Amino acid sequence: MTIQAPETEAMAIGSTKELRRRAISALALGSLALGAVFAGPVPFGILVLLIAMVMSWEWRHIVRSGRLDESLFIHAAVVCLAVIATIVGYQAIAFGILLLGAVVLFLINAGQGAGISVLGVLYVGIPAVLLVMLRSADEQGLVAVLFIFCVVWASDISAFVGGRLIGGVKLYPSISPKKTWAGLLSAVAGAVLVGLAFWLLVPGTSVGYLLACAGGLGLIAQFGDLAESALKRLFRVKDSSDLIPGHGGFMDRLDGLVTAASAAVVLGLLINSDAPARALMFGM
């Protein structure tokens, strides 16, 4: 019989507790997100608005050490107004608000990291507006948002499991020491399985298109995760906040969704600007 050292046993127990915390937090947030998606465009938009407000503060926590200054209030106000404009159906105005806010932030932060302030309002605002717009875009809005969520969730879970079980060569150790190529490939594989599932569940979809779309979005989600890790490393911050037990902050949890959702909605708009949700799901 092998006797486990006290230190090793303590680490194993700690790891188990941490995984349990992560799982409970993920289930709670996932259930909240799904409930809002199914409740309709307005409840979903309100949830996106609330999370975007938190992410606006987290951005300042990372890049400005959480200082309560005029940039934070302008950032939050701009994102808030843009999301509200999208909820009530004025998408063009929403993007105009984000552009105006970016210009104002650039001017008031000239010589003090203006670029990072502009990037913040776009990083939080654009995905929020696009997701709310997609949910209410056409009759496939519900399915399209569910597809994006499931792809990102499967990508994240598969990357975590694949990285833990397989390990191997590090993906980008100077930015994210724990990420591996095995995890990245697992993420894409998990996303592809979601594409297969939606092909089986949604009549009229193309298997080749959905597999390629899901795999591509899964890959983009992982690079979104890397981008946020690079931002935190640049400013020597471990987590965007400690609001979500086991995960850090909302930016830490939603970094992949930010990039994947943006790419998905842009793809839908490029295919058919009049029905982007349907275009995303059917490729036409």
Given the conditions (1) over 23 Å from LEU269 (Cβ atoms); (2) open to solvent by 30 Å² or more (accessible area, probe 1.4 Å); (3) over 14 Å from the mean Cα position of the chain (by Cα), and given that LEU119 satisfies all but one, which numbered condition is not satisfied? (1)
Quick check on LEU193: is it farther than 30 Å from SER56 by Cα, open to solvent by 20 Å² or more (accessible area, probe 1.4 Å) and modelled with pLDDT of 95 or more? yes
Restricting attention to segment 256-274, the residues that are closer than 19 Å to TRP199 by Cα and either of a type in the set (Asp, Glu) or not in a helix (DSSP H, G or I) (or both) number exactly 0
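So, in segment 85-111, exactly how many residues are within 11 Å of SER71 (Cα to Cα) and of a type outside the set (Phe, Trp, Tyr)?
Narrowing segment 85-111 to residues within 11 Å of SER71 (Cα to Cα): 101-102, 104-109.
With the extra rule that they be of a type outside the set (Phe, Trp, Tyr), the set shrinks to 101-102, 104-105, 107-109.
Summing the residues that are within 11 Å of SER71 (Cα to Cα) and of a type outside the set (Phe, Trp, Tyr) in segment 85-111 gives 7.
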Going through segment 132-159 one residue at a time, which ones are assigned to a helix (DSSP H, G or I) and small (Gly, Ala, Ser)? GLY141, ALA144, ALA154, SER155, SER158, ALA159
Among the residues of segment 78-96, how many are closer than 11 Å to LEU122 by Cα and open to solvent by 40 Å² or more (accessible area, probe 1.4 Å)? 1
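Name the residue, out of ALA92, ALA110, ALA82, that is more than 24 Å from LEU234 (Cβ to Cβ) and out of contact with any helix residue (DSSP H, G or I) (no Cβ under 6 Å at 6 or more places or on another chain).
Residue meeting the stated conditions: ALA92.
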Identify, please: which residue in segment 233-273 is touching a residue at least 40 places away in the same chain (Cβ under 8 Å) and over 23 Å from ALA33 (Cβ atoms) and is, among those, surrounded by the most Cβ atoms within 10 Å (Cβ to Cβ)? VAL237
Return the residues of segment 160-175 that are crowded, with 19+ Cβ neighbours inside 10 Å and either assigned to a strand (DSSP E or B) or under 15 Å from the mean Cα position of the chain (by Cα) (or both); say none if nothing qualifies. LEU171
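The rows are residues; the columns are (1) at pLDDT 85 or above; (2) open to solvent by 70 Å² or more (accessible area, probe 1.4 Å); (3) touching a strand residue (DSSP E or B) at 6+ places or on another chain (Cβ under 8 Å).
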position	(1), (2), (3)
ILE3	no, yes, no
MET11	no, yes, no
GLY14	no, no, no
ARG22	no, yes, no
GLY30	yes, no, no
ALA33	yes, no, no
GLY40	yes, no, no
Just one listed residue, out of ALA214, ALA227, is open to solvent by less than 70 Å² (accessible area, probe 1.4 Å) and either within 14 Å of TRP153 (Cα to Cα) or not in a helix (DSSP H, G or I) (or both), and it is ALA214
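Taking the condition among the small types (Gly, Ala, Ser), at negative phi and either buried (at least 16 other Cβ atoms within 10 Å of the Cβ) or not in a helix (DSSP H, G or I) (or both), does GLY101 pass?
Values: among the small types (Gly, Ala, Ser): yes; at negative phi: yes; either buried (at least 16 other Cβ atoms within 10 Å of the Cβ) or not in a helix (DSSP H, G or I) (or both): yes.
Yes, satisfied.
The values are calculated or read from the model by the stated rules, or taken from the named source; none is laboratory data. The structure presented is a predicted model; accordingly, all values stated were derived computationally and were not measured. Cβ atoms come from the backbone with ideal geometry, glycine included; neighbour counts cover every protein chain shown. Each accessible area value is taken on the protein alone, full model and side chains, heavy atoms only, with ligands, DNA and RNA left out. Shrake-Rupley method; radii C 1.70, N 1.55, O 1.52, S 1.80 Å.
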